[in-house]
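Notes to accompany the following structure.
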Amino acid sequence: MFGKEKKCYDGYLVRKLDPVVLLMPYIMPRRTDSESKVDLRLDLTKVEEFVRQHHDDIPGLTLYHIVFATIVRAAAETPEINRFIAGNLIYQRRTVRISMMIKKHLEVNGRESTIFPVFNTTDTLAEIVEKTNTLAEEALAQLDDDSNGFDRFVSVLYAVPPIFLRAFIGFMMFLDRYGKLPKKLCDLQPFHSGFFVTNVGSIGLPVIYHHLYEFGTTSMFVSIGKKERVNELLPNGHIRRYKVLPLRAVVDDRICDGFTYACAFKTMEKCFKHPEILLEGYQEKPAGKGAAV
């Protein structure tokens, strides 16, 4: 059933799947036809105190890094959410690659760039913070001298006459559709990441649902909104007041089933309730006696 040509440099082909799952990319060939939306409200009670406590031993730690770390942990515990579709086939990523947009100044004309750190599922929170901050600092510094690779690539494309640009982009999308885009081009831009994260709360906007891109292999787009205050009526008649972080995720529902996504989002909720588990890297639990492998 699978030919020799079915290879992707950033993932390996998943063969043992339910026949219905294997059929879905043929029934719904477009990622934008397969979007499902999830709304989360993550309790900040433990996380905000946790960030304050580890301000010194994990320099630069912010709430944003906690979100990244929970995504990495969810991808470790439920690797199915870190899959993508190319050529109507389902592939599993080898690493967790997350893209994010950064701005040097919060101004309408402020220059912006994109970074896409690559994480291992065993990375600790400190390692995730270091990788993210290092890339962000480099990208912001490169904005001053136009040395960012992706930005230079886009500038070159923008200089091409529209008729040739349309042909080039069309050819790239054709190659990408079948997982044949050259590795250098995939590594140069943010659309070949398992996850894309945008923090609209940092610019004062409420949380949004962000569409998936047809180009590339991103199967989940996560939007972070501004913090909200919640009043919860408890069974004893008292009112609990606390803050939540609203997250909205748009996912490609062809790569795994709803139960798997539910497990992944429960992992994220668990990490917010017990952020200390992120201090240690994920360790795969050995399969129990008689368990399926």
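The values are calculated or read from the model by the stated rules, or taken from the named source; none is laboratory data. Please read these numbers as outputs of a predicted model, since none were measured by experiment. Cβ placement follows ideal geometry from the backbone for every residue including glycine, while neighbour counts extend to all protein chains displayed.
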Subset of the stretch 70-84, residues surrounded by 24 or more Cβ atoms within 10 Å (Cβ to Cβ) and under 13 Å from residue 12 (Cα atoms), comes to 82, 84
Only unsatisfied item for residue 224, checking (1) among the β-branched types (Val, Ile, Thr); (2) farther than 18 Å from residue 100 by Cβ; (3) surrounded by 13 or more Cβ atoms within 10 Å (Cβ to Cβ), is (2)
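Is one or more of the residues making up the stretch 187-198 out of contact with any strand residue (DSSP E or B) (no Cβ under 7 Å at 6 or more places or on another chain), over 20 Å from residue 135 (Cβ atoms) and at pLDDT 90 or above? I'd like the intermediate steps shown before the answer.
Our first condition is that a residue be out of contact with any strand residue (DSSP E or B) (no Cβ under 7 Å at 6 or more places or on another chain); within the stretch 187-198, this holds for 187-189, 191-192.
Pick out the ones that are also over 20 Å from residue 135 (Cβ atoms) and you get none.
The answer is no; no qualifying residue exists.
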Working only within the stretch 70-96, note down all residues that are more than 16 Å from residue 249 (Cα to Cα) and within 11 Å of the chain's Cα centre (by Cα).
96
Of residues in the stretch 8-56 being under 20 Å from residue 253 (Cβ atoms), surrounded by fewer than 14 Cβ atoms within 10 Å (Cβ to Cβ) and among the acidic types (Asp, Glu), the one farthest from the chain's Cα centre (by Cα)
18
Across (1) more than 27 Å from residue 228 (Cβ to Cβ); (2) in contact (Cβ under 8 Å) with a residue 40 or more places away in the chain, residue 40 clears everything bar (1)
Candidate set: the stretch 142-160, residues that are surrounded by 13 or more Cβ atoms within 10 Å (Cβ to Cβ) and aromatic (Phe, Trp, Tyr); chosen: the one modelled with the highest pLDDT
153
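Being exposed (fewer than 14 other Cβ atoms within 10 Å of the Cβ), within 25 Å of the chain's Cα centre (by Cα) and β-branched (Val, Ile, Thr) narrows it down to one residue among 163, 203; which is it? Write out each step before concluding.
Numbers: 163 fails: within 25 Å of the chain's Cα centre (by Cα).
Just a single option satisfies the conditions, and that option is 203.
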Residues of the stretch 233-264 being among the β-branched types (Val, Ile, Thr) and either outside any loop (DSSP other than H, G, I, E, B) or surrounded by fewer than 18 Cβ atoms within 10 Å (Cβ to Cβ) (or both), which ones?
239, 244, 250, 251, 260
Can you find a residue in the stretch 231-245 that is at pLDDT 90 or above and farther than 21 Å from residue 45 by Cβ?
no
